[in-house]
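Below: the structure, in structure tokens.
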Amino acid sequence: MRGVPTVLAATRLSRDFGAVRALRDVSLELASGELAGLAGPSGSGKTTLLHLLAAIDTPTGGSVRLLGREVSALSRGERAALRLAHVGLVFSEHNLSPALTIAENVELPMALAGRPAGERAQRVGAALAGLGIGELGGRFPEQLSSGQQQRGAVARALAGEPALLLLDEPTAHLDSASAAKLVERVADLVRERGMAALLASHDPQVLSRCARVLSLRDGALEAG
């Protein structure tokens, strides 16, 4: 995207698991304010790619640069710190702690990052309100619908105002109407906050709401 800052750049990424090559020479860039989609059948490498971009895993070959910093050259601890500070993650399973309220779940990553209590409270309120569940912060996950729980998971990912948002099948357990509303709200927040975002999904309706769609097959990006 010409004239828009690049948040993340991956160059010729590959990832081998023993004799199996899960990713082959994948290169992509994500710009500030952009929600891109990632399509591909099961086993195509979508989750592997997201793990590399999030610095959860390291590539066998190639590089990942986040905010201009070479991620794969960092130690495990440095990668964890970078991820906590600059990456928001959302998965198909919301991964909310059942022992914490929704507000406490949203606050937890910021507490781990050492942010002041006053700042955390302000960000939690803003994140929940931004996803339309501001009145539900005191409830526990089991008291919410699947759609509300997933909105809580997105709020948790966004509360720290990450530079990069990665979503792995975030609407897998939602009905079509709830899925559409969630993705539309995510797209709005990505634009408003200038994040870069990549959303992996099997759902064509979800992907149609992304600015562009990358397609993986057998570990490689398809042309076009």
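Coordinate-derived values only; no laboratory data. Note that the structure is predicted; figures quoted are calculated from it, not measured. Every residue, glycine among them, receives a Cβ derived from its backbone with ideal geometry; neighbour counts consider all protein chains shown.
Just to be sure I understand the model, the point goes 7 Å from the Cα along the line to the Cβ. What's the resulting R191 to L100 distance in nm?
Result for the modelled spin labels: 3.1 nm.
Using the alpha-carbon atoms, what tilt in degrees (0 to 90, nearest 10) does helix 102-112 show relative to the longest principal axis of the chain?
Between helix and principal axis, roughly 60 degrees.
Against the longest principal axis of the chain, how steep is helix 76-86, in degrees 0 to 90 to the nearest 10, with axes from Cα atoms?
60 degrees
Determine the dipole magnitude for the chain: charges of +1 sit on the beta-carbon of Lys and Arg, -1 on that of Asp and Glu, nothing else is charged, the reference point is the Cα centre, and the result goes in debye to the nearest 20.
440 debye
At q = 0.12 Å⁻¹, what is the base-10 log of I(q)/I(0) for the chain according to the Debye formula with one equal point scatterer per Cα and no solvent? Please give it to two decimals.
Ignoring solvent entirely, the Cα scatterers give -0.62.
Name the residue farthest towards the positive end of the dipole of the chain from the options H94, L174, T48, assuming +1 on Cβ of Lys and Arg, -1 on Cβ of Asp and Glu, about the Cα centre.
T48
Could you work out the relative contact order of the chain, using alpha carbon pairs under 8 angstrom and six or more residues apart, expressed as a whole percent?
Rounded, it is 31 percent for the chain.
Note down the magnitude of the dipole of segment 1-66 about its Cα centre, charges +1 on Lys and Arg C-beta and -1 on Asp and Glu C-beta and zero elsewhere, to the nearest 20 debye.
It comes to approximately 100 debye.
Rounded to the nearest 5, what % of DSSP beta bridges with both residues in the chain are antiparallel?
45 percent
Cα axis of helix 117-130 to longest principal axis of the chain: angle in degrees, 0 to 90, nearest 10?
Orientation of helix 117-130: about 80 degrees from the principal axis.
What FRET efficiency, computed as 1/(1 + (r/R0)^6) with R0 = 41 Å and r the Cβ-Cβ distance, is obtained for K181 and A19, rounded to the nearest 0.05?
0.40
T11 versus A211, label points 7 Å from Cα toward the beta carbon: distance in nm?
Placing both labels 7 Å along Cα→Cβ, they lie 2.2 nm apart.
At what distance in nm do the modelled label points of H173 and A117 sit from each other, each positioned 7 Å from its Cα along Cα→Cβ?
About 3.3 nm, to one decimal.
Based on other C-beta atoms within 10 Å, arrange F17, F140 from fewest to most.
With the sparsest Cβ surroundings first, the list reads F17, F140.
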